[in-house]
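These notes concern the structure reproduced below.
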Ligand code: NDP
C-alpha cells in the first residue's frame, strides 16, 4: 500500500525535529505536525528562555562584586522585567523560525496543526480536517507541567509555562516542588530581587542527586536568601484580594504575590487517541517503548518526554530521535542509548552539575569507593569577599581506578561536567587525571590535583 509519508512525526520539539530532519536527510518523505510552536518545550518555554533568565539573574552578583574590584557603580542598578521578557520573546521567535527553516531545507513538510491518531497508519490533522497516512509514525509530543488535582486553589498558581510571560515580576513568590524546575526558578527569581519561598514536601531538595550536593546547594540557596521550607506540604491556596495565601499541612500560612507549581511533568498524550492505533501506555500515560524506542505497534515509535524515559532531558530526546531515524531510514545499526549516569546541570546560582553515580549509588554497587573532595573559595571571591565556596567531588573505583562519578557546585559547573562526562564515558582512571597538567589559575585545575581520598 502507498502511504502519503514514509514518516510522520507528531510534535516538533527537540526529539521530533531531529528525527524528522535526519530521516529526511536519509531520503525519507517526512511530514511533521505541531499544534503550538516549532521548537517544543526546550526552545519555547524551557531550557533556552530559562538559561537566558539565569544569565539575567546573575548580574546582581556582578554589580555587587564589581565594587570590590574598583568599579564605581553609581546608582543602584534597576531591573526591568518587561525588557527581559521582550528579549526572551524575540530570541525564542528567532530560534523557532530557524528550526522551521531547517526542517524545510531538508524537505520536511510542516503542518501547523494538532494531529491525532485516526488508525494505525492514519493521522487526523485537526485544523485541516483531513487525514494523512504514513508507513511509520513517531510520537514526540513531550510532556506538560503536572499540578496536583487535589489541592484547593491550585488553579491560582502558575507553572513554568507561564513564568516566561508574566505580566509583571512579583514581589514575592512561593514555589512548590523540590526538583529541577523548582530550584532553578527559585534561584532565578531570587537573583531578580523577588522574595522567594520554596516549599518542598521532603528534605533536602533535589531527590535523586548526590546527598552531599543536595545539602550544599540547599545551604547555598538559603545563604542567598531563598527561604526553603522543608517537609512542607501544601494544603490549600487561598486568594485574598491581590495576595495569595499558601496554607501548609503544618498550619503555616504564607502570603505571597504569586504561586508557582513545579511538581513534575506528565506525558502529553492527552486526546492523542493512541487507542485507535493500539499503542500501549503506562499508568502515568507515558508511551511504552523498548530500548529502540519502538512501541508495542511495530511501525509506531516514540521518543523523549512522552515515553517512560529515565532521563527527561533535551539531549536525551535528541539522541533518541537521531538514533531512531538512523536505524529506520539510514539502515544503521545504532545501539540502544545508555541512560546511566547521564550528565546534567541544575542552573541555579551557584550552579550544580553531576555525572555518573552518586556516592550513595557507588557505595551500594561497589562497596568501598575512593572519594576525592575539595571545597575552596574561588579566586574571584578573595577580593569580592563573597563567602560562597566551590565544591568538587570525584568517585573512584578502588581497583579499576576508573572514575565512577563527578559532582560539582560552583561557577561553570555545567561546563566542567561536560568534559568530565566524556572522561567517564571513555573509562578514564584517576591516575590519568593526575597525570594531566593543570591549567592555572582556574577552578577546574582542582580536578587534576586532588591527591588524597577523604
Ligand atoms: P522533578 O521530577 O525534577 O521534580 C518534581 C518535584 O515535585 C519533586 O521535588 C517532587 O517531590 C515534587 N512533587 C511531586 N509530586 C508532588 C506533590 N503531589 N506534591 C508536592 N510535591 C510534589 O520535576 P520538574 O517539574 O522539576 O522537572 C521535570 C523534568 O524536567 C526534570 O525531571 C528534568 O528531567 C527536566 N528538567 C531539566 C532541567 C535541566 O536539565 N537543567 C531543567 C528543568 C527541567 P519528591 O522529590 O518528593 O518526589
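No lab work stands behind these numbers, since they all come straight from the coordinates. Because the structure is a prediction, the values reported are computed rather than measured. No Cβ is skipped: glycine too gets one built from the backbone with ideal geometry, and neighbour counts run over all protein chains shown.
For the condition within 16 Å of the ligand (Cβ to nearest atom) and either in a loop (DSSP other than H, G, I, E, B) or touching a residue at least 40 places away in the same chain (Cβ under 8 Å) (or both), what is the one hit in 407, 322?
407
Checking residue 266 against (1) closer than 17 Å to residue 15 by Cα; (2) assigned to a strand (DSSP E or B); (3) away from the ligand (no atom under 13 Å from the Cβ), which single condition isn't satisfied?
(3)
What number of residues within segment 351-380 satisfy the criterion of being more than 14 Å from the ligand (Cβ to nearest atom) and touching a residue at least 24 places away in the same chain (Cβ under 8 Å)?
So the count comes out to 19.
Give the residue that is nearest to residue 259 (Cα to Cα), with candidates limited to residues of segment 215-240 that are in contact (Cβ under 8 Å) with a residue 60 or more places away in the chain and in contact with a helix residue (DSSP H, G or I) (Cβ under 9 Å, 6 or more places away or on another chain).
Taking segment 215-240 and keeping what is in contact (Cβ under 8 Å) with a residue 60 or more places away in the chain, we get 216-217, 220-221, 223-224, 234-239.
Those still in the list that are in contact with a helix residue (DSSP H, G or I) (Cβ under 9 Å, 6 or more places away or on another chain) too: 217, 221, 224, 234, 236-239.
Numbers: 217: 22, 221: 19, 224: 20, 234: 11, 236: 11, 237: 9, 238: 11, 239: 11 Å.
Within segment 215-240, the match that is nearest to residue 259 (Cα to Cα) is 237.
How many residues does segment 325-340 hold that are under 22 Å from residue 143 (Cα atoms) and either touching a strand residue (DSSP E or B) at 6+ places or on another chain (Cβ under 7 Å) or within 16 Å of the ligand (Cβ to nearest atom) (or both)?
Qualifying residue count for the region: 3.
Residues of segment 342-374 being more than 15 Å from the chain's Cα centre (by Cα), surrounded by fewer than 22 Cβ atoms within 10 Å (Cβ to Cβ) and part of a loop (DSSP other than H, G, I, E, B), which ones?
349, 367, 368, 369
Has segment 428-443 got any residue that is assigned to a loop (DSSP other than H, G, I, E, B) and in contact (Cβ under 8 Å) with a residue 60 or more places away in the chain?
Checking segment 428-443: at least one residue is assigned to a loop (DSSP other than H, G, I, E, B) and in contact (Cβ under 8 Å) with a residue 60 or more places away in the chain.
Please tell me if residue 450 is surrounded by 14 or more Cβ atoms within 10 Å (Cβ to Cβ) and in a loop (DSSP other than H, G, I, E, B).
Yes, satisfied.
Mind checking which residues of segment 410-427 are part of a helix (DSSP H, G or I) and either under 17 Å from residue 54 (Cβ atoms) or touching a strand residue (DSSP E or B) at 6+ places or on another chain (Cβ under 7 Å) (or both)?
Once the filter is applied, which keeps residues that are part of a helix (DSSP H, G or I) and either under 17 Å from residue 54 (Cβ atoms) or touching a strand residue (DSSP E or B) at 6+ places or on another chain (Cβ under 7 Å) (or both), segment 410-427 yields 413, 414, 415, 416, 417, 418, 420, 421, 423, 424.
Scanning segment 416-427 for residues that are without any contact (Cβ under 8 Å) to a residue 60 or more places away in the chain and at negative phi, which turns out farthest from the chain's Cα centre (by Cα)?
Filtering first and then ranking leaves 426.
Go through segment 19-128 and tell me which helices (runs of 4 or more DSSP H), entirely inside it, have 1 or more residues that are free of Cβ contacts under 8 Å to residues at least 40 places away in the same chain.
Values: elements: 40-45, 47-68, 81-105.
Counting at least 1 such residues, we get 47-68, 81-105.
Rundown of residues vs (1) over 20 Å from the mean Cα position of the chain (by Cα); (2) closer than 30 Å to residue 6 by Cβ; (3) part of a loop (DSSP other than H, G, I, E, B); (4) free of Cβ contacts under 8 Å to residues at least 24 places away in the same chain, yes/no style:
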residue	(1), (2), (3), (4)
135	yes, yes, no, no
173	yes, no, no, no
178	no, no, yes, no
184	no, no, no, no
204	no, no, yes, no
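In segment 375-402, what count of residues is obtained for those that are assigned to a strand (DSSP E or B) and surrounded by fewer than 17 Cβ atoms within 10 Å (Cβ to Cβ)? Working first, answer last.
To start, the set of residues in segment 375-402 that are assigned to a strand (DSSP E or B) comprises 375-376, 390-396, 402.
Still in the list and also surrounded by fewer than 17 Cβ atoms within 10 Å (Cβ to Cβ): 375-376.
The qualifying residues number 2.
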